[in-house]
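Remarks on the structure that follows.
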Amino acid sequence: MREKNYLFYEKQKMRYKYCLIVNLAFFLLGGCGESKENKQACENRKVTYIQVKSDWKIKDGVKISTFVKNATFVPLELTNESLLREIGKVERHGDYIYVIESFRPKAIYQFTSAGKYIRKIACLGQGPEDFTELSDICVNEENGHIYVYDNGRTLIMEFTPEGKLVKTIHTGYYAESFQYKDGLFYMYSYSPVYGSSLYKIYITDQEGKKVKEYIPSKKISIGFETSGYTKTSQDILCHESMNDTVYSVSKDQLQLKYIFDFGEFTMPEEAKREYIHILIEDRNWEKRKPFLENYILGVREVWETDNWILFSCVKKYVTFYGLYNKKTSHLEMQPAFSDDMYYLYQMNVVSQQGNCFIAVADANALSYRVNEDIPQRMKKGKIDSQKGKKIMKRIQQILPEGEEEINPVLIFYELK
């Protein structure tokens with residue numbers, strides 16, 4: 001077993017290095033010429049150009065009551081079968097919630113909408129209903145079926161909500177991100193160097209037959225694990241972290257939608273070349289520091305609702321979150337939102353469903369808030385006593401009593 005794991009990680013390391021080399025070769029041959037293309041795109045298309053201006057200071061951020069209408073807390077039941085580590089993605093449909101972990105997920109965990117554990121759907125293994133390397137999951141919103149992408153065997157597994165395997169669909173494509181919409185599968189790879197397509201965006205029908213492919217890997221310089229898809233109420237968005245651009249993807253077109261401009265902190269193409277060289281050669285931290293201290297490597301995550309765009313970026317090792325109002329074009333940047341509704345540490349968004357952000361909260365942190373932090377704030381007059389007691393009661397109701405180990409708590413933020 002150890003030998004198998006060792007070989008798996010060695011294979012991943014070799015693939016990562018090979019992907020970097022191939023992308024760098026394309027990058028040095030011409031790159032994507034972003035600045036000229038972006039300006040032209042803004043003139044010719046309906047593209048939103050977002051200038052990211054900030055003093056980049058550590059300060060209280062926007063109050064979440066500004067953009068959050070309501071929040072629903074869902075504690076995930078802890079059993080011998082459902083001990084969760086860090087949560088990487090959440091899908092919700094009807095009465096069910098599906099959860100996978102961030103690092104080497106071992107199963108898809110199914111819960112009720114109230115958080116009661118039901119079953120595992122597909123597990124890490126070699127059987128016909130197992131996966132060998134889970135990269136992503138998504139839900140068919142029409143029939144509630146759950147799709148599982150097995151990157152090790154380059155296939156999609158379709159399950160019913162009851163956990164029954166319906167069929168497997170061979171794609172031959174190595175995808176890091178995966179979505180389903182209107183009868184089509186959307187796959188993304190930040191460095192497609194082998195497989196059925198060498199395009200970064202690959203779309204197939206429900207039989208696995210190619211419908212469309214976009215962006216040869218040489219056309220966009222490089223992407224990392226933070227690149228991929230976000231499914232909104234209207235679009236499937238695709239972004240790549242070192243390009244500061246966001247696309248809307250469909251079977252008919254790839255539409256440039258958003259461009260983020262970090263001004264003086266935008267990494268020049270020459271610096272990108274040098275930075276990627278360092279990654280390929282030895283990934284030496286000391287050599288990387290000047291780039292990370294002087295530049296922003298781009299947008300890391302992007303979420304969009306009807307009225308808001310939420311994104312993150314890193315400035316001098318600190319993660320900043322941008323909140324962009326689509327109606328007023330106003331942008332606020334902050335290292336953390338000011339939670340004037342529930343007084344939590346951070347809005348750790350991991351998924352999106354329509355106009356709802358799905359975040360994860362550490363249950364122990366919630367317990368600390370209830371037992372120590374909020375009472376202290378009430379005592380000092382920083383929180384109204386009546387409001388504080390109401391928040392404490394609400395959180396206490398979702399936390400199990402006397403448990404040493406507690407699963408994370410999901411928070412469904414309904415946005416204005």
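GNM remark for the chain: springs join alpha carbons under 10 Å apart, and the peak mean-square fluctuation among VAL52, VAL74, VAL349 falls on VAL52. Reported to the nearest whole Å, the Cα centre-to-centre distance from region 312-332 to region 339-354 is 15.
For region 87-195, the relative contact order comes to 15 percent (Cα pairs under 8 Å, sequence separation of at least 6).
Label sites at ARG119 and GLU281, each approximated as a point 7 angstrom past Cα along Cα to Cβ, lie 5.5 nm apart.
Among THR171, THR266, THR230, the largest mean-square fluctuation in a Gaussian network model of the chain, built with springs joining Cα atoms closer than 10 Å, belongs to THR266. Across the chain, the relative contact order, built from alpha-carbon pairs under 8 Å that are at least six residues apart, equals 17 percent.
Sparsely packed loop sites in region 94-184 (the chymotrypsin sites (Phe, Trp or Tyr not before Pro) outside DSSP H, G, I, E and B with at most 14 other Cβ atoms within 10 Å) comprise PHE103.
Tell me, in nm to one decimal, what length is gained between HIS330 and LEU292 on full extension, where the rule is 0.36 nm per residue of separation less the Cα-Cα distance?
On the way: separation 38, 0.36 × 38 = 13.68 nm, distance 2.67 nm.
The HIS330-LEU292 span can extend by a further 11.0 nm.
Residues of region 314-350 with an amide N closer than 12 Å to a point placed 7 Å from the Cα of LYS57 along the Cα-to-Cβ direction: none.
What do you get when you divide the Cα radius of gyration of the chain by 2.2 N^0.38 Å, with N the number of residues? Dividing the Cα radius of gyration by 2.2 N^0.38 Å gives 1.01. In the chain, a dipole from Cβ-located charges (positive for Lys and Arg, negative for Asp and Glu) runs towards its positive end, and of THR66, GLN255, PHE185 it is THR66 whose Cα lies farthest in that direction. Spin-label pair GLU405-GLN126: with each label point 7 Å from Cα along the Cα-Cβ axis, the two points sit 2.8 nm from one another. With the simple model of a label 7 Å out from the Cα in the direction of the Cβ, THR168 to ASP182 spans 3.1 nm. By the count of neighbouring beta-carbon atoms within 10 Å, fewest first, ILE358, ILE58, ILE406 end up ordered ILE58, ILE406, ILE358.
Using just its DSSP H runs of length 4 or more, each adding -39500 (n - 2.57), the chain gives a mean residue ellipticity at 222 nm of -6500 deg cm²/dmol after division by all residues. Apply 1/(1 + (r/R0)^6) to the Cβ-Cβ distance of ARG153 and LYS380, taking R0 = 60 Å, and write down the FRET efficiency to the nearest 0.05. Plugging the Cβ-Cβ distance into 1/(1 + (r/R0)^6) gives 0.55.
Note: relative contact order over region 39-158, using C-alpha pairs below 8 Å and six or more positions apart, is 14 percent. Among SER113, SER351, the order by Cβ neighbours within 10 angstrom, fewest to most, reads SER113, SER351.
Placing unit charges on the Cβ atoms only, positive for Lys and Arg and negative for Asp and Glu, gives the chain a dipole magnitude near 680 debye about its Cα centre.
What FRET efficiency, computed as 1/(1 + (r/R0)^6) with R0 = 30 Å and r the Cβ-Cβ distance, is obtained for GLN206 and ASP306, rounded to the nearest 0.05?
On the way: r = 29 Å, r/R0 = 0.96.
Efficiency, rounded to the nearest 0.05: 0.55.
Dipole of the chain computed with +1 at Lys/Arg Cβ and -1 at Asp/Glu Cβ about the Cα centre; of TYR295, VAL370, PRO400, farthest Cα towards the positive end is TYR295. Largest GNM mean-square fluctuation across ILE383, ILE64, ILE100, computed for the chain with C-alpha springs under 10 Å, falls on ILE383.
On full extension, the segment bounded by LYS46 and LYS69 gains 5.4 nm, given 0.36 nm per residue less the C-alpha separation.
Ordering CYS313, CYS123, CYS238 from the fewest to the most neighbouring beta carbons within 10 Å gives CYS123, CYS313, CYS238.
No lab work stands behind these numbers, since they all come straight from the coordinates. Remember, predicted model here, so these are calculated numbers, not experimental data. Every residue, glycine among them, receives a Cβ derived from its backbone with ideal geometry; neighbour counts consider all protein chains shown.
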